[in-house]
1. Among Phe156, Met121, Ser35, which residue has its Cα positioned farthest towards the positive end of the charge dipole of the chain, with +1 placed on the Cβ of Lys and Arg, -1 on the Cβ of Asp and Glu, and the dipole taken about the Cα centre?
2. With everything on Cα atoms, drop me the angle between helix 229-245 and the longest principal axis of the chain, reported from 0 to 90° to the nearest 10.
3. I need the calculated FRET efficiency for the pair Asp143 and Glu180, taking r as the beta carbon distance and R₀ as 35 Å, to the nearest 0.05.
4. Cross-link list Lys127/Lys157; Lys127/Lys208; Lys203/Lys234; Lys157/Lys203; Lys127/Lys203: which exceed 26 angstrom alpha carbon to alpha carbon?
5. Assigning unit charges at the beta carbon (Lys, Arg +1; Asp, Glu -1) and nothing else, what dipole magnitude in debye, to the nearest 20, does the chain show about its Cα centre?
6. Specify whether the C-alpha gyration tensor of the chain places it in the rounded, prolate or oblate class, a ≥ b ≥ c being the square roots of the eigenvalues: rounded for a/c under 1.5, otherwise prolate if a/b is larger than b/c and oblate if not.
7. If you take the beta carbon distance between Met121 and Val98 as r and set R0 to 51 Å, what does 1/(1 + (r/R0)^6) give as a FRET efficiency, to the nearest 0.05?
8. Cβ under 9 Å from Pro130's Cβ, Pro130 left aside: what net charge do those residues give with Lys, Arg +1 and Asp, Glu -1?
Amino acid sequence: MEFGAFTGYIDLAQLLLYAFWLFFAGLIYYLVRESHREGYPMETDGLNRTAKGFPVPSQPKVFKTVHGDVLVPDPNKGEPAYRAAGTYASPGSPIEPVGDPLTAGVGAGAWANRADTPDLMNDGSVKIVPLRAASAWSVSGNDSDPRGLPVIGGDFKTGGTVVDIWVDQSEFMFRYLEVETPLASGGTRRVLLPIPFARIGRKQVDVKSIYGHQFAGVPGLRTPDQVTFLEEEKICAYYGAGTLYADPQRGEPIL
């Protein structure tokens, strides 16, 4: 037998190769099991029942965060509320929103069930606040100040008026416009408009994702001068859903 051989057909290199295969298979199993921490329970396609799948999710793990301990998966934390139904009975068929598509929580309007607490800076103060609560911040003289400008929706109708700007004190940038929009029942309410969905001009602010009357349905805030992670998710999802669902024609083929 050659040096390193245990028998006539097994040697050290072969044993190391088998050991590597076993290690790699175990690593894949571990990574797939860890990836199942979030995403379960799931609905079996076409059967409308929950399934664990393979491999089964690992035991809950506690993550230490600035907002407190986070248990993943958390059996007491419900799944994000979404409303959708399959277009066909066959498995794998696409889903469509049920009810108001802008708040159904699916497709372009999907959102994650994040913590219902505001983002904080290192000193514990709230990170994203309106300018009325952050006197140290202002709009550069080289830029257009959108406060007082009308907000025009994708249907070229006025959805409201910009009354304030929300600044990210950590990233040194504006995150939201605060829009006062009229209600059909009378009166007004204030909603946030993410800056990426707005085009700020000299005379008006254009928003293509939603229509003028749809500003009244933007998810609101629990506290007037701060926004939580969960509220940000829902607000951005509302405008994201509008890119596809604001008008039924947007979901149809171009040709």
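The values are calculated or read from the model by the stated rules, or taken from the named source; none is laboratory data. Fair warning: this is a prediction, and the values are worked out from it, not measured in the lab. All Cβ positions, glycine included, derive from the backbone under ideal geometry; neighbour counts span all protein chains shown. Surface accessibility is based on the protein's heavy atoms, side chains included, excluding ligands, DNA and RNA. Shrake-Rupley method; radii C 1.70, N 1.55, O 1.52, S 1.80 Å.
1. Of the options given, the answer is Phe156.
2. Around 80 degrees separate the two axes.
3. The value I calculate is 0.95.
4. Lys127/Lys157; Lys127/Lys208; Lys203/Lys234; Lys127/Lys203
5. It comes to approximately 460 debye.
6. Prolate is the answer for the chain, as a/c is 1.5 or above and a/b outweighs b/c.
7. Once the sixth-power term is evaluated, E becomes 0.80.
8. -2
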